[in-house]
Amino acid sequence: MSVSSSIPADSLAGLADADLQRQAARMAQDVFAGVFRQAVSADEADDTARLADLGSRCSNWCRAAGSEDGRALRLALLISGLDQWGLAYSQAFQLTAIPALTALVGALRSALDAQADARFQRFFAQLDGEEAAAIDFKIELRRAIHLALWHAMAACETGEQAANIVRPLGGLMLALDQRMPELGWRLLADALASIQIRLLQDNSASPVAQEATQTLFASLRQALPAERFQAILAHSGQAVIAWQRAQRPVVH
């Protein structure tokens, strides 16, 4: 494996180009944020209305596709994204369940007839089984998930609190690398570059955040094969350098 190794063709790009894939990832993030807010809400009537609104938003976006396959793929992307956000937050914050998320996904699935559900399942399985399928969606999604957990960790007041998030965050990263043996390292490199850029942007990052970030990188170095970790560092380093160059004032 090398940093220059090529990415296989995305078999779903014909139905969902890179821009639409990134839109799907951002929408999954927004919808999950709305669902997660209900976990701390005490107004059941408001929760029901909000959940119905989120479901309508998802359904309308899926229906906007130009074909049945396009609609099924959009739903597969959304539900895949919601599932991954739910898993990440459940592990990071030790939640046994997120009932509102379960209800939303169930409602979206139950609205499908048999043929639509079969198309959905086919695309959902393709997303899971082919690493390069909707790769831009996967990169955007995992970057957002990892950054969200990193920000939660950076906001901790004590090292112990931060460690309680660093451990599941590192576990999520390693699990991603195992599930995607060919391309997972690229997603991890993107996430680590994004974290480094956030630290460079925020000079006021607390000592707790800096120490926890160092712990995260060290745990990945220890757990990953040396060649793989070096490839991740090289790829993320290139992204950070490119960002730094872009921040320099243009000299006329």
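Run the accessible area of the chain with a 1.4 Å probe and give the carbon-and-sulfur part as a rounded percent.
52
Kindly provide log₁₀ I(q)/I(0) values, in the same order as q = 0.23, 0.31 Å⁻¹, from the Debye equation applied to equal alpha-carbon scatterers of region 54-106.
-0.85, -1.18
Rounded to whole Å and sorted largest first, what semi-axes of the equivalent ellipsoid does the C-alpha gyration tensor of the chain yield via the square root of 5 times each eigenvalue?
After scaling each eigenvalue by five and taking roots: 31, 24, 17 Å.
Restricting things to alpha carbons, find the Rg to Rh ratio for region 102-252 using the Kirkwood radius for Rh.
That ratio is 1.06, to two decimals.
Kirkwood-based Rg over Rh for region 26-115 (C-alpha set), two decimals?
0.98
In deg cm²/dmol and to the nearest 500, what is the mean residue ellipticity at 222 nm of the chain if only DSSP H runs of at least 4 residues count, each as -39500 (n - 2.57), divided by the residue total?
-26000 deg cm²/dmol
Please give the contour-minus-distance gain from residue 234 to residue 63: 0.36 nm per residue of separation, less the Cα-Cα distance, rounded to one decimal in nm.
That pair, residue 234 and residue 63, stretches by 57.4 nm at full extension.
If I take R0 = 25 Å and measure r between the Cβ atoms of residue 97 and residue 203 in this structure, what FRET efficiency does the formula 1/(1 + (r/R0)^6) give, to the nearest 0.05?
It comes out at approximately 0.05.
Which value, in Å², gives the accessible area per residue of the chain when a 1.4 Å probe is used on the protein heavy atoms?
I get 51 Å² per residue for this part.
Expressed as a rounded percentage, what relative contact order does the chain have, with Cα pairs under 8 Å and six or more residues apart?
24
By how many degrees, 0 to 90 and rounded to 10, does the Cα axis of helix 99-110 deviate from the longest principal axis of the chain?
It is inclined by approximately 50 degrees.
Which length gain, in nm to one decimal place, applies between residue 56 and residue 245 when the Cα-Cα distance is subtracted from 0.36 nm times their residue separation?
Going from the current span to full extension adds 63.8 nm.
Using 0.36 nm per residue of separation minus the Cα-Cα distance, give me the extension gain between residue 122 and residue 17 in nm, one decimal.
36.0 nm
Quick one: putting +1 on the C-beta of Lys and Arg, -1 on the C-beta of Asp and Glu, what dipole do you get for the chain around its Cα centre, in Debye to the nearest 20?
With Lys and Arg at +1 and Asp and Glu at -1, about 460 debye.
May I ask you to list the GluC sites (Glu not before Pro) in region 176-231 that are in a DSSP loop and have at most 14 other Cβ atoms within 10 Å of their Cβ?
Sparse-neighbourhood loop GluC sites (Glu not before Pro): 182.
The values are calculated or read from the model by the stated rules, or taken from the named source; none is laboratory data. Since the structure is predicted, the reported quantities are computational estimates derived from the model, not experimental observations. Every residue, glycine as well, gets a Cβ built from its backbone with ideal geometry; the counts of neighbours run over all protein chains shown. Keep in mind that these areas ignore ligands, DNA and RNA; they rest on the heavy atoms of the full protein, side chains included. Shrake-Rupley method; radii C 1.70, N 1.55, O 1.52, S 1.80 Å.
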